[in-house]
Structures are given as structure tokens and as C-alpha cells.
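Bear in mind these aren't lab numbers, they're just calculated from the coordinates by the rules spelled out. On a predicted model such as this, the values are computed, not experimentally measured, just so you know. Here the Cβ positions follow ideal geometry from the backbone for every residue, glycine too, while neighbour counts run over all protein chains shown.
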Amino acid sequence: MLEQQDSQPTSDEKATVTLPGVVEKIIKPVVPSQPEKAQISVEGADHLYREIRVENRLKDADGNEVALKPGVEVEVKIQAESHATKPASPPETTELGDHTRESHS
């Protein structure tokens, strides 16, 4: 399920997409001075690129440092400045006899 901005972004707005994800596991560091990592499975990503690993440090509404727990649902938000985007290309279609198939490349 993708959540996208509906209006055209102005020069000070960013284009965004928010993807649902799940924290699959927490990875303890091999070296104690290194940070713990959270492995997140991102829904909607290609199978081989579905998992991302990020430092398991967030700040709550009060500014306190917190960490994610395994199994929780999260949102992965991707933002880009308007100058870093271009209009999306429409999906290509190919005629297959009586059926039309969309190509998602």
C-alpha cells in the first residue's frame, strides 16, 4: 500500500512515498563499540532488495533515545527534493493476442 502526495510539489515541498515494513530482527554488533542494527523488511520492494539494515536508534516525541523491537510494524519514508525528480513514465503495455499485459520494468 503506497501513500503518495496527491498534489504537485512546489519548490519547497518534497516528493514522498511511504512504504509499510516490519522489523524482522535486531542484530547485535560483533564489536561492542558498534551500534545495534534493525533489519526491516520493506513491503513493495523487489524480493532481493526487500531487507534494509539501519542503526537501531530513534528519538521519541520527548527527544529520548529509543530502539525498535522485533516484529513491530514501521513505515519507511522516501523523500526527494523536487529538483531530484522527473515525471513518472506510464507503464508499457504489450499486446498478447486478446490480452494486454503491463510491463513493470
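Some points to look at:
- Ranked by the mean number of other Cβ atoms within 10 Å per residue, highest first, peptides 34-46, 56-68 order as 34-46, 56-68.
- Within a straight-line Cα-Cα reach of under 24 Å, LYS59 can be paired with the following lysines, leaving aside sequence neighbours fewer than 8 residues apart in one chain: LYS14, LYS25, LYS28, LYS37, LYS69, LYS77.
- Across segment 19-68, the mean sequence separation of Cα contacts (distance under 8 Å, 6 or more residues apart), normalised by length, yields a relative contact order of 29 percent.
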